[in-house]
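Take a look at the structure below.
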Amino acid sequence: STTHRIAVIPGDGIGPEVVAEAEKVLEAACVPAGIALEKKSFPLGAEHWLATGQTLPEETLEEIRDQDAILFGAVGAAPGDTRIPSGLIERDILLKLRFSLDHYVNLRPSELFPGTVSPLRDPGEVDFVVVREGTEGPYAGNGGVLRQGTDQEIATEVSLNTAHGVRRLVRFAFELANSRERKKLTLVHKHNVLVNAGHLYQRTVNAMAAEYPDVTVDYLHVDAVTIFMTTDPSRFDVLVTDNLFGDIITDLAGAITGGIGLAPCGNINADRTAPSMFEPVHGSAPDIAGQQKANPVATILAGAMMLEHLGHPEQAEQIRGAVRHDLEVNGVQARSTAKIGDAIVAALQA
Ligand code: NAD
Ligand code: IPM
Ligand code: MN
């Protein structure tokens, strides 16, 4: 039998509710296969900060680094919560984990499952993956404020993009596109305005394309992507893009494929120098927290991505199959978070 050590970070809001269901489903998939998950829970998030003044202390980060993978719920306070400085929890926990553990690929698959309802009238077959950069771009924390509070205030966030960072991301995207049926790669940027970073991305894609003669490559400005994602999403296969653009278009991708509650995310360190982290695309959803209203499917599918990453594609596919089955039979009818988790466990065991 195989044992994997898993750091579990439930976090804030609906995080603990959706993570509990993912843990149930993971157990149901792993136990019969002789896979043991040795879990260690870390109580990080807004409440923890309020109680202790700690976000992610160095020794906790090192303990997490020592695990094989991380299952993450969501962190972040409600927008109106004045006790907590805006973004502190997200930056000091979530972004700190992504940056410290070198999660340079933020992998976000979007699939329109049968039984789910897209807000688009005629979405067609939707099955694409966004390969979002995870450790650079405008998220790098570069910039500052001059003359704060005055009429002459100047606020900057400087996007950081390195040849190394772009190359390893684009390499991953080409490999992924090459492994898929349609073998299509779309670079998404805004190189008509962001000429420096945009051209670095474009040059990197152009140079690598020769190594992948079977992959069809194209380019779209990010604003145009929002058009095609709503009018013709079936045109996409693999999209590769920078950190901020990837954040924005994956919320849209979640919405068109039946809701953000279905969209999973893998924060991948593809060199395996540190544990990768799996989470839903969505946040802590303070508006529905504690009411068993959250859809746990995104986190359950993130659990499947985790098993695949840990070398268990068969169990990952079993989980996806159970999710598909449950959506087909029960659709998106309102059920409690736990009922959805239970139904997926039942489908897995059927
Ligand atoms: P959000 O994703 O939390 O919520 C947006 C909307 O989607 C809300 O109406 C919410 O109820 C709904 N929603 C989200 N997940 C759902 C689910 N599983 N089932 C059903 N409905 C769901 O985004 P937001 O409101 O912009 O952010 C709330 C907090 O979460 C903020 O503090 C933000 O910074 C944080 N956040 C954290 C993460 C993360 O930890 N990875 C990601 C995004 C946002
Ligand atoms: C996400 C979130 C995060 C991001 C925030 C909470 C920092 O929106 O995971 O998509 O912008 O990456
Ligand atoms: Mn986001």
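Readers should treat all values here as calculations from the given coordinates under stated rules, not as data from a laboratory. Keep in mind it's a predicted model, so treat the numbers as computed, not measured. Every residue, glycine among them, receives a Cβ derived from its backbone with ideal geometry; neighbour counts consider all protein chains shown.
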Seminar exercise, completed: Looks like the chain, by Cα gyration tensor root eigenvalues a ≥ b ≥ c and the a/c under 1.5 rounded cutoff (else prolate when a/b is bigger than b/c, oblate otherwise), is rounded
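Name the helices (complete DSSP H segments) of the chain with a Cα length along the long axis of 15 Å or more and a Kyte-Doolittle mean of at least -1.0, or state none. Please report the intermediate quantities before stating the final value.
On the way: long enough: 15-30 (22 Å, 0.39); 163-179 (24 Å, 0.12); 195-209 (20 Å, -0.07); 243-256 (20 Å, 1.11); 297-309 (18 Å, 1.36); 313-330 (25 Å, -1.02); 337-349 (19 Å, 0.94).
Within the chain the helices that satisfy the rule are 15-30, 163-179, 195-209, 243-256, 297-309, 337-349.
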For this session: In whole angstrom, note down how far apart the Cα centers of region 13-64 and region 109-167 are.
Result: 25 Å
For this session: Excluding residues on the same chain fewer than 8 positions from K40, give the lysines whose Cα lies under 27 Å from its Cα.
Result: K24, K96, K293, K339
For this session: Compute log10 of I(q)/I(0) for region 32-119 with the Debye formula, placing one identical point scatterer on every Cα and leaving out solvent, at q = 0.11, 0.17, 0.18, 0.26 Å⁻¹, to two decimals.
Result: -0.45, -0.88, -0.93, -1.33
For this session: Determine the calculated [θ] at 222 nm for the chain from helices alone, applying -39500 (n - 2.57) to every DSSP H run no shorter than 4 residues and normalising by the residue count; nearest 500 deg cm²/dmol.
Result: -12000 deg cm²/dmol
For this session: For E157 and L50, compute 0.36 nm times the residue count separating them, minus their Cα-Cα distance, and round to one decimal in nm.
Result: 35.7 nm
Seminar exercise, completed: Taking the dipole of region 118-257 about the Cα centre (Lys, Arg +1; Asp, Glu -1; charges at Cβ), the one of L169, V222, S118 that reaches farthest to the positive side is L169
Exercise. With each pseudo-label sitting 7 Å past Cα toward Cβ, what's the R5-A338 distance in nm, one decimal?
Worked result: 3.2 nm
For this session: Go through 128-141, 8-21 and give me the packing order, highest mean Cβ count within 10 Å leading.
Result: 8-21, 128-141
For this session: In debye, nearest 20, what is the charge dipole magnitude of the chain about its Cα centre with +1 on Lys and Arg Cβ and -1 on Asp and Glu Cβ, if you could check?
Result: 360 debye
Problem set entry | Given charges at Cβ of Lys, Arg, Asp, Glu: region 118-257 dipole, positive-most of Q202, L187, V131 | Q202
Problem set entry | Proximal charge balance of G341 [Cβ under 12 Å; K/R count +1, D/E count -1] | -3
For this session: Please sort 265-278, 160-173 by packing, taking for each peptide the average over its residues of neighbouring beta carbons within 10 angstrom, highest first.
Result: 265-278, 160-173
For this session: For region 118-257, build the convex hull from the C-alpha positions and give me its volume per residue in Å³.
Result: 122 Å³
